Amino acid sequence: MHTPYGLEIIEDCLTCKVRADRMFCDLPTEALAAFDAITYANMHPHGAVLFVEGQEPRGVYVVCSGRVKLSTCSTDGRTIITEIAGPGDTLGLSATVSGEPHEVTAEMLEPGQTNFIKREEFLRFLREHSEAALKVAEHLSRHYHTVCQKIRSLGLSSTASEKLARLLLEWAAKGVETDQGTRLKLTLTQEEIAELIGTSRETVTRLFSDFKKKQIVHLKGSTLTIRNRAALQSLIHS
């Protein structure tokens, strides 16, 4: 059957084939059934905006497929990507629980599906299912820790090369080891990488060229091979 963007639609959380150890995916059967009953499945094209910075929260979005860019803008129009979310991640959680406006903008990086839960129904669900409320508390605590790490990375890195080195080493942890080095797929443009580390696209292009000349990395198309992790580590000073 033809489906939007060629995606497999996930219509039931209980029978989802890609359930994993995520915040809501591994709830007890009764709680998961109650959660499933209040979700609204949505298919989104590339570039679709789920919510914008400063908008009042309508509810939360659980990412079923695809990737979502979370970003914030300065008054002069500069953009910083705060996170790249993927399947299993829940978006808009902090704003929905607190009732405060969204701190970031959420935009689809590729076609995908989200399950949307209205704020009133979500808060009632948390009141009725303590195990889900505990998972939300754990998630918000971990998110705070992640934000602190990112602030440390951006704030204490003295140069753009150090920021890029930190990012590549973080990605390398999920790469595939080969005889040539650690191989991974670049799923972001150089403009998006620049927004992720708070610099310009031109600087990122120059740094990749410099790293390639020094045989630290090899970039062919969207495939990046990190050939010298030690050289990247040497660029980090704190």
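The values are calculated or read from the model by the stated rules, or taken from the named source; none is laboratory data. Just so you know, these numbers come straight off a predicted model, no measurement behind them. Don't worry about glycine lacking a Cβ; one is built from the backbone with ideal geometry, like all the others, and counts go over all protein chains shown. The area values use the complete protein model at the heavy-atom level, side chains included, leaving out ligands, DNA and RNA. Shrake-Rupley method; radii C 1.70, N 1.55, O 1.52, S 1.80 Å.
Residue count for segment 135-150 under the criterion of being β-branched (Val, Ile, Thr) and at pLDDT 90 or above: the result is 1. Taking the listed residues GLU195, GLU191, the one that is touching a helix residue (DSSP H, G or I) at 6+ places or on another chain (Cβ under 8 Å) and either among the basic types (Lys, Arg) or farther than 15 Å from GLN233 by Cβ (or both) is GLU191, with no other qualifying. Sub-9 Å Cβ pairs linking a first residue in segment 127-151 that is under 25 Å from LEU32 (Cβ atoms) to a second residue that is among the hydroxyl-bearing types (Ser, Thr, Tyr) and at pLDDT 90 or above, at least 6 apart or interchain, are VAL136/THR90; HIS139/THR90; LEU140/SER94; HIS143/SER94, ordered by first then second residue.
Exposed (fewer than 11 other Cβ atoms within 10 Å of the Cβ) and either among the aliphatic types (A, V, I, L, M) or without any contact (Cβ under 8 Å) to a residue 12 or more places away in the chain (or both): is that true of LYS212 in this structure? Judged against the criteria, LYS212 is not a match.
Taking the criterion of being of a type outside the set (A, V, I, L, M) and open to solvent by less than 50 Å² (accessible area, probe 1.4 Å), the residues of segment 167-203 that qualify are GLY175, THR178, GLY181, THR182, GLU192, GLU195, GLY198, THR199, SER200, THR203.
Scanning segment 108-130 for residues that are of a type in the set (A, V, I, L, M) and in a loop (DSSP other than H, G, I, E, B) yields one hit, LEU109. Answer yes if at least one residue in segment 127-147 is open to solvent by 40 Å² or more (accessible area, probe 1.4 Å), under 30 Å from HIS46 (Cβ atoms) and more than 21 Å from the chain's Cα centre (by Cα), and no otherwise. No: zero hits.
Can you find even one residue in segment 111-125 that is buried (at least 16 other Cβ atoms within 10 Å of the Cβ) and either under 28 Å from ARG206 (Cβ atoms) or among the hydroxyl-bearing types (Ser, Thr, Tyr) (or both)? Yes, because at least one residue in segment 111-125 is buried (at least 16 other Cβ atoms within 10 Å of the Cβ) and either under 28 Å from ARG206 (Cβ atoms) or among the hydroxyl-bearing types (Ser, Thr, Tyr) (or both).
Evaluating SER153 against the criteria (1) among the polar types (S, T, N, Q); (2) surrounded by 12 or more Cβ atoms within 10 Å (Cβ to Cβ); (3) at pLDDT 90 or above; (4) assigned to a helix (DSSP H, G or I) leaves one unmet condition, (3). Taking segment 46-107 and the strands (runs of 3 or more DSSP E) fully enclosed by it, the elements with 3 or more residues that are farther than 20 Å from GLN149 by Cβ and of a type outside the set (A, V, I, L, M, F, W, C) are at 59-65. Regarding ALA48, is this residue at pLDDT 95 or above and within 20 Å of THR187 (Cβ to Cβ)? So ALA48 fits the description; yes. Each residue in segment 25-56 was checked for being closer than 22 Å to GLU107 by Cβ and in contact with a helix residue (DSSP H, G or I) (Cβ under 6 Å, 6 or more places away or on another chain), and 1 pass. Take the residues in segment 51-67 that are open to solvent by less than 20 Å² (accessible area, probe 1.4 Å) and among the hydrophobic types (A, V, I, L, M, F, W, C), then tell me which one is farthest from PHE35 (Cα to Cα). Across segment 51-67, the extreme among qualifying residues is PHE51.
Residues considered: LEU140, LEU196, LEU169. Of these, the only one that is assigned to a helix (DSSP H, G or I) and either β-branched (Val, Ile, Thr) or over 19 Å from SER71 (Cα atoms) (or both) is LEU169.
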